[in-house]
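Following: one structure in structure tokens, then a few remarks.
The values are calculated or read from the model by the stated rules, or taken from the named source; none is laboratory data. In this text the structure is predicted, and so the values were computed from the model without any measurement. All Cβ positions, glycine included, derive from the backbone under ideal geometry; neighbour counts span all protein chains shown. Heads up: the accessible areas ignore ligands, DNA and RNA and are worked out on the full protein's heavy atoms, side chains in. Shrake-Rupley method; radii C 1.70, N 1.55, O 1.52, S 1.80 Å.
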Amino acid sequence: MSESNAAPVSKRPLDTPFRQQRLPAWQPILTPQMVAVLFLTLAIPFIGLGSVVLQESDAVVEYVKQYDGSGVSSELESCKIDNAGLCNITFDIKDDMEAPVYLYYQLTNFYQNHRRYAKSYLADQLLGTVYQSGSTALAYCDPLSKNGSLILKPCGP
């Protein structure tokens with residue numbers, strides 16, 4: 001049998017509208033009435049969603065107490081970093097709060113990715129291991145392992 005009698009196979013795609021990309025396209029005609037209906041159809045669900053989000057946001061109970069820097073009350077004077085003392089901060093909660101209640105701690109002018117902070121890191125200390133003042137493991141906390149004679153727990157600024 002010889003293959004010279006077989007017709008050459010064509011690599012051209014079939015001549016169909018789909019393969020030749022000749023399908024008719026939908027081209028809407030945007031009239032002012034059509035645009036108004038479209039905007040109202042989209043606006044109604046988003047107004048409902050926005051009102052629910054606003055209602056939940058207004059239901060948040062927030063208490064703020066500054067304990068360091070200028071404008072601190074006399075009862076929190078011992079909490080200043082300069083005094084290096086331990087202190088208790090008491091919040092008088094007047095509103096009912098439903099569980100779960102979250103406590104957030106806010107720091108200003110502090111950048112966690114700062115080079116000195118990133119170098120002063122000891123993972124075991126974050127897991128709860130307590131180190132004494134002469135421990136060699138605190139070398140990982142350099143340059144920020146102490147504030148005066150007080151060991152920073154966890155180390156870092």
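Scanning for something in contact with a helix residue (DSSP H, G or I) (Cβ under 9 Å, 6 or more places away or on another chain), open to solvent by less than 90 Å² (accessible area, probe 1.4 Å) and in a loop (DSSP other than H, G, I, E, B), does segment 11-29 turn up at least one residue?
Of the residues in segment 11-29, the ones in contact with a helix residue (DSSP H, G or I) (Cβ under 9 Å, 6 or more places away or on another chain) are 28.
Restricting the remaining residues to those that are open to solvent by less than 90 Å² (accessible area, probe 1.4 Å) gives 28.
Subsequent filtering for residues that are in a loop (DSSP other than H, G, I, E, B) retains 28.
Among the residues of segment 11-29, at least one is in contact with a helix residue (DSSP H, G or I) (Cβ under 9 Å, 6 or more places away or on another chain), open to solvent by less than 90 Å² (accessible area, probe 1.4 Å) and in a loop (DSSP other than H, G, I, E, B), which makes the answer yes.
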**Asked** Restricted to segment 61-94, and to residues that are among the aliphatic types (A, V, I, L, M) and either in a helix (DSSP H, G or I) or open to solvent by less than 100 Å² (accessible area, probe 1.4 Å) (or both), which residue is modelled with the lowest pLDDT?
**Response** 84
